[in-house]
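Below is one structure, written out as structure tokens; the observations come after it.
The values are calculated or read from the model by the stated rules, or taken from the named source; none is laboratory data. This structure is a prediction, so every number in the text was calculated from the model and none was measured. Heads up, the Cβs are rebuilt from the backbone with ideal geometry, glycines too, and the neighbour counts pull from every protein chain shown.
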Amino acid sequence: MPSTALAAIAALPIADLKSIFATDPDRLSKLVLSQGPIRFDWSKTHLTDELMAHYLDLAQDQGFAERRDALFAGEAVNNTEAAPPNIPPSGARAMPTAWRRPRRCITACAR
């Protein structure tokens, strides 16, 4: 059975960015996040309050929170792999192997 949230997302009209900015004066404060020297800016996307609400509904419909919690608890959540996730403990500085650059990329980039 298709998700009602997914159907609602598909039914939304795609507004142009100029009208989105004109109708949402708080857009920058809602969609820009700075973490140290890194700035995440989603304001220049077609995300709207209505669209984000539907995305949150979709995440809830799909059990996102439960799957996220299982992943960080070390449970295998991807049934295409025969191994649990390689997630470091909170605050750990080591980068999981899966997030490292492949050896061939490192070798090629070093040239």
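Only one entry in H46, H54 is assigned to a helix (DSSP H, G or I), modelled with pLDDT of 85 or more and closer than 30 Å to A15 by Cα, namely H54. I need the full set of residues from segment 1-29 which are in contact (Cβ under 8 Å) with a residue 12 or more places away in the chain, out of contact with any helix residue (DSSP H, G or I) (no Cβ under 7 Å at 6 or more places or on another chain), under 21 Å from D57 (Cα atoms) and outside any loop (DSSP other than H, G, I, E, B), in order please. Within segment 1-29, just T4 meets the criteria.
Which members of segment 57-91 meet the condition of being among the hydroxyl-bearing types (S, T, Y) and either closer than 28 Å to A5 by Cα or modelled with pLDDT of 70 or more (or both)? Listed by number, the list holds a single entry, T80. The C-beta contact set for segment 63-75 (first residue touching a residue at least 12 places away in the same chain (Cβ under 8 Å) and in a loop (DSSP other than H, G, I, E, B), second residue surrounded by 12 or more Cβ atoms within 10 Å (Cβ to Cβ) and of a type in the set (A, V, I, L, M, F, W, C), distance under 7 angstrom, 6+ apart or interchain) comprises G74/I87. If I filter segment 63-77 down to residues being under 14 Å from the mean Cα position of the chain (by Cα) and surrounded by 12 or more Cβ atoms within 10 Å (Cβ to Cβ), which single residue comes out as farthest from K30 (Cα to Cα)? Among residues in segment 63-77 that are under 14 Å from the mean Cα position of the chain (by Cα) and surrounded by 12 or more Cβ atoms within 10 Å (Cβ to Cβ), the one farthest from K30 (Cα to Cα) is R67.
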